[in-house]
Every structure is written in structure tokens, then in C-alpha cells.
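Enquirer: Please find one structure pasted underneath; my questions will follow.
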Amino acid sequence: GVALAVDAALHSPFAIGGVLCLRGAVLTSSVPDALAAKRSSNPLEVFAYHGERDRQCPIDEARESYEALKAAGARLRFIADASLAHSCARGRQQLCGGELKEV
């Protein structure tokens, strides 16, 4: 879901307010060219929320993929949750709801 959402935002012909990323990683192969084209007009806003105990998508791999996005010009906010694995957690919905209001 995260990879598809970010890729769609990067290649969208219209402005996207931002992308909310939960427990996933970015396809770094699609980042540089697409984001460079959008960088000057409207930087992509990305809020990523990831569990430190996630074994399906390890946090180090996820963090590295988001850093590639940031290096290409996206505005990134990355939050790591020490208690979260690759599952839904209470409280995250409230946090993400606040982020959606900002976007």
C-alpha cells in the first residue's frame, strides 16, 4: 500500500496534498526523476509511521527508503513506534487523524 500510494503521488498529473504511510516502504527506483520534476512547484509531504518490531517490513529498510525520498526533495516526518509490529494499533488512528488534518 505505501509503495503504491507514494508512486501514485509522485506520478500524479495534479498536486497531491501529502501521503500518509503506515507500516511500509517506498519503491526507491521511482523516486528521483519523478520527484525532481515536482520539487520546484510543490514538494511532496510524507508522514510515515512505522513499528520498530515490524518483521514484514523491517524498520531499517523502511527508514532507508524514506530517506531516499527526502533526499530527492520530499518533506518527511518519520515516527518510529517501539511497541508496534506490522499490525494495527490503537492510538495510531488518533495520531494519524491529526496528521491528515495538517495535510
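Enquirer: Just to confirm a number: summing +1 for Lys and Arg and -1 for Asp and Glu over residues other than ALA82 whose beta-carbon lies under 10 angstrom from that of ALA82, what do you get? Each step should come with its number before you reach the end.
Expert: Values: positive: ARG53; negative: GLU52, ASP81.
Local charge sum for ALA82: -1.
Enquirer: By how many nm would the segment from ALA8 to GLN56 grow when fully extended, if each residue of separation counts as 0.36 nm and the alpha-carbon distance is taken off?
Expert: Values: separation 48, 0.36 × 48 = 17.28 nm, distance 2.23 nm.
In short, 15.0 nm is gained.
Quick note: the coordinates plus some simple rules give every number you see, no bench work behind them. Model, not experiment: these values are computed from the prediction. So basically every Cβ, Gly included, is an ideal-geometry build from the backbone, and we count neighbours across all protein chains shown.
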